1. Could you please let me know if D404 is over 15 Å from L525 (Cα atoms), assigned to a strand (DSSP E or B) and at pLDDT 90 or above?
2. Scanning segment 952-1006 for residues that are modelled with pLDDT of 75 or more and part of a loop (DSSP other than H, G, I, E, B), which turns out surrounded by the fewest Cβ atoms within 10 Å (Cβ to Cβ)?
3. Could you tell me which numbered condition V99 fails, if it satisfies all but one of (1) outside any loop (DSSP other than H, G, I, E, B); (2) of a type outside the set (S, T, Y); (3) closer than 13 Å to I176 by Cα?
4. Would it be correct to say that D844 is under 56 Å from the mean Cα position of the chain (by Cα), at negative phi and among the acidic types (D, E)?
5. Given the residues F69, F113, which is the only one that is surrounded by 13 or more Cβ atoms within 10 Å (Cβ to Cβ) and touching a His at 6+ places or on another chain (Cβ under 8 Å)?
6. Has segment 480-491 got any residue that is small (G, A, S) and closer than 14 Å to H453 by Cα?
7. T583 is checked against (1) within 48 Å of the chain's Cα centre (by Cα); (2) assigned to a helix (DSSP H, G or I); (3) of a type outside the set (G, A, S) and fails just one. What number does that condition carry?
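The values are calculated or read from the model by the stated rules, or taken from the named source; none is laboratory data. If you're wondering where the values come from, they're calculated on a predicted model, not measured in any experiment. For neighbour counting, all protein chains shown are included, and Cβ atoms are generated from backbone atoms with ideal geometry for every residue, glycine included.
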Amino acid sequence: PILPDHRICEDHFIKTTSQDARGRVIVSLPFKENPICLGDSFDIARRRFLALEKRLLHSPEIRPQYISFMEEYENLGHMSVVAQPNLNEPHYYIPHHCVFKPSSTSTKLRVVFDASCRTSSQSSLNDILLVGPTIQQDLYMLLLRFRLYRFALTADVTKMYRQVLMNNNDCKYQYILWRASPDLDLQTYQLNTVTYGTASAPYLAVRSLHYLADQSMDELPIGALAVKSSFYVDDFICGADDVDALHILKSEVIEVLRRGQFPLSKWHSNHPEFMENQSVKNLNICDEFITSTLGVTWHQRSDNFLFSFQSKKEHNMATKRTILSIASSLFDPLGLLSPLLITTKIILQELWLLKLDWDESVPQHIHQAWTNCLATLKSVSSLTVPRYCLQPDTHNIQIHGFCDSSIRAYGCSVYVRTQNSHGQVDVHLLTSKSRVAPVKKQSLPKLELCGAHLLACLYAKIKDIFATGSVTTYFWTDSQLVLHWLQQHSITLSTFVGNRVSEIQALTVGAHWKHVPTKDNPADLVSRGCSTKDLISSNWFTGPVFLLQEENKWPKSKAPIDLNNDVINAEKRKTALTIIKDTNYVLDITNRSSSYTQCLRFVAWLFRFCCWCRKKSTPITVFSPDELRRALYCVIWNLQQQHFSLDFQLLKKNESVKSNLKHLTPFIDKTTGFELIKVGGRLDYADLPDAQKHPILLPSTSQFVLNYVRYLHRRNYHAGPKALVALIRLEYWIVNARDLTRRVVRSCVHCVRYKPVLAQQVMGPLPATRITPARPFERCGVDFCGPINTYLRIRGRAPTKSYLAVFVCLVTKAVHIEVVSDLSTHSFLNALKRMGGRRKLPCDIFCDNATNFVGASNQLKELKQYIFKANTQEEIYKFCSSEFINFHFIPPRAPHFGGLWEAAVKSAKGLLNRTLANTRLTFEELSTVAVEVEAILNSRPLSPMSSDPNDFDALTPAHFLVGSSLRALPERSFEDRNMSNTDRYDMITAIQQRIWRRWQAEYVNELRSRVKWTTPALDIKEGTLVIIHDDNLPPQRWKFGRVESTVPGRDGHVRVVHLRTANGTCCRPIHKIAVLPVS
């Protein structure tokens, strides 16, 4: 994410940057504070210039160069004289001094401007300037890409900072004092370009290059991209894989920078055509083709990296200061000399551990090691490393990473293995990294894992430079334990190992980890260090020999048979839990008991035993009230110490409690030797006993308190919740007493038996027989109603009993009523045959179970006996089986399971009772009335009627029987219309399909909602003790049973159970049972 200051700096550059007529970029200083905060800077700048002038007078070899530098600065227009500077407006004078660099090939002396010099207000110019983001490429990645080009190309921007002009309004913040001779007047100059030494100078210079590249991106894309990605400050380092591309690259880069007046010089390349032919440098013949590239010496003609070491000055004594001075000057960004430089890092770590003074002589063994290290570094000039890591016609690229560790250091190296189209294999060292071992001692396997982690991080950084092609990656280690860890899940390992394994697995996705013998591992040199002679004779620069061979000849990863199980087990994640339990033996005993009186007697026995041990008194078998009261207060004291410990401590300190008890105004009172918390309240002046005015506080979550409330409930003839609360508060105040008393009453078996709560379950989904389209009466339910007296119209003849058999279609709710003369089997079968003859025989018939009629009126006793007869059921089953009819029974005493036909019977009886009253009917008249009632029931709408007169007529069951309502007006005839049989059949089919679509849209959708039993309840389990609801039993008589098995529905909920009672087994719906709270 971009920091806010960086975003402000970027926006400021975009808004204020422009170009002059020649194309030079003009920028402004990005201030983060108002420049008015700058104080007086003239005096400090004057004092520092006079001191500089005095030093230059004593340095005749430096003074001419300094004067020449400043004169060149003025002649080029980079600074100009300010005749009358306005010191009353915000301004800033920048002190300056020189830096002398004899090894420079261009400018040995450079003037540096100190914009960090504080003014009289203790603020400097750099303090109020934005630094800006780092937008240039990383040096390390730039050098890596430099090694992948077949033809390399480098150049420098001449006086890069001074090619960017400063806005005239900001030049007053770049005043300097200068005169060439003490005889002249001291004059004020303003610097007209970006000044090296200001905080924003690097950003402004590099951003100006990007500014030019963005303008030329469409016209010169190759050069613009190279300008944005291949510059490190003023050094251009890039390349291409063919000469034509290199020509285009160079010409476009020159053109992009020419438009901003940025001249390029010191062109160098490994291709002869691009070596500088108009050089401004004076080089000898012997070093004509040698130049310095970002601190790495590169020989252009041989295309090799060369190394040299020259100490700044000779030191007679080795101290921490001198060793650090030399070690800090070593520059090896690519890690090509890591085996040589790791020794210096180890020596520095030992010096810091010894805590020596800066100028104190080092011990003898360190002095000897440092001497050997210097001798090794001085011989690095014999080393050469090829710059180009690939082959001209590379066909396949592989990355091979090696890691190793010793007890002092660990490191890794990365090699590029290439194969051309002719099958020739070449291997080159690309880069390496090294680290000294941590000061805190770690085991060797952990350090090996650190080396693998370092390799994974290095690979994650460099893998993007190979993004243009498919690259296969291999990682090698000589530690089988590390390979074992990398195959485990990080969560199973210790923190140190697990964290690093997790990162390695995330960074090396898609790579292959393999085992390599130690003798073939080049990273072994990084972990131990070596001399220049050993480095030349090793496989450091070319990699192990087996990489030059085919893959099938590489070392095979063997099964880790020699792993140290102690180390493996030591690094497994271990979970250690410490359980601290303060056992209160008094509460432990009371919690295990379910009797209130038993708990008191047990504690009373403990007190009596203590008395016997002290006084040796004679035992008494019966406890006195004082002993039981003391035991009770002892238990209460322990309860309060456990549940109200924090409140007790606050009350002991005379502080107010902070919990919910603060509304009770609690206080501590000493009772029978125990300090108990009591309720204060506002009843101090009430004419009540002290125990009632200030009851003892008790928690509601204690088993002892629960036993006490149960004891009080039983002793007071199973008092209700309100009465229990009133009884409790005569002496005690239980927190949340109402909830506790309700729970006690609801869990009392005796109370539940007197007022049982029948079980319920959420209304189940409709069965498929109700919502699947089918022919009317293909699936139907049947029920009987009656008797109804019929007469023969003969004087003196007694009436006979007749019955109605009501058939209901489960899909369309169509009703068919048959009148039967008696309850014989033949009468029912004849009614079924008559219904089948007019409606077609059904496939499935559903009816009530015979026990539904238990407890019915005396008028249904005959019907009950008729259904109960075994021969009757046998004959009905035999007939239904012969007609392929399936007969289904609902559970006993579950009329809501057959609500459809129960509602039809109720409607039919309602119409008969309201209309006929005491009318005497013959059998034929009753049959006629039954048909009329059937027609009325079949003409009822299936769904709510619409108030819109344009809608169709209401959908009724008769539509499925005859196509329209049975009570509708007759329609006119269409016989005279000429219509073919096919058209007539299509019209009938269309009408039928429309009726079924209306059935699905209007009727089925109305069945979606649940009108009751909407909340799911817990299912009854097997073995539950229940009360069976039976309307035929007298009051205060209950029938008990235990659930033997359950019958879950298709939705998983139990609505029917099989019970075992004293008289056998029975089946009941859960709406007829009440669960006893015995568990």
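1. Values: over 15 Å from L525 (Cα atoms): no; assigned to a strand (DSSP E or B): yes; at pLDDT 90 or above: yes.
Judged against the criteria, D404 is not a match.
2. V962
3. That leaves (3) as the condition not met.
4. Yes; evaluated as a whole, the condition is true for this residue.
5. Exactly one residue qualifies, and that residue is F113.
6. Quick first cut of segment 480-491, residues small (G, A, S) only: 490.
The next check asks that each one be closer than 14 Å to H453 by Cα; those that pass are 490.
Yes, because at least one residue in segment 480-491 is small (G, A, S) and closer than 14 Å to H453 by Cα.
7. (2)
Rundown of residues vs (1) in the same structural domain as V112 (by the TED database); (2) assigned to a loop (DSSP other than H, G, I, E, B); (3) farther than 27 Å from R118 by Cα, yes/no style:
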residue	(1), (2), (3)
I8	yes, no, no
R46	yes, no, no
P60	yes, yes, yes
Y73	yes, no, no
V81	yes, no, no
L87	yes, yes, no
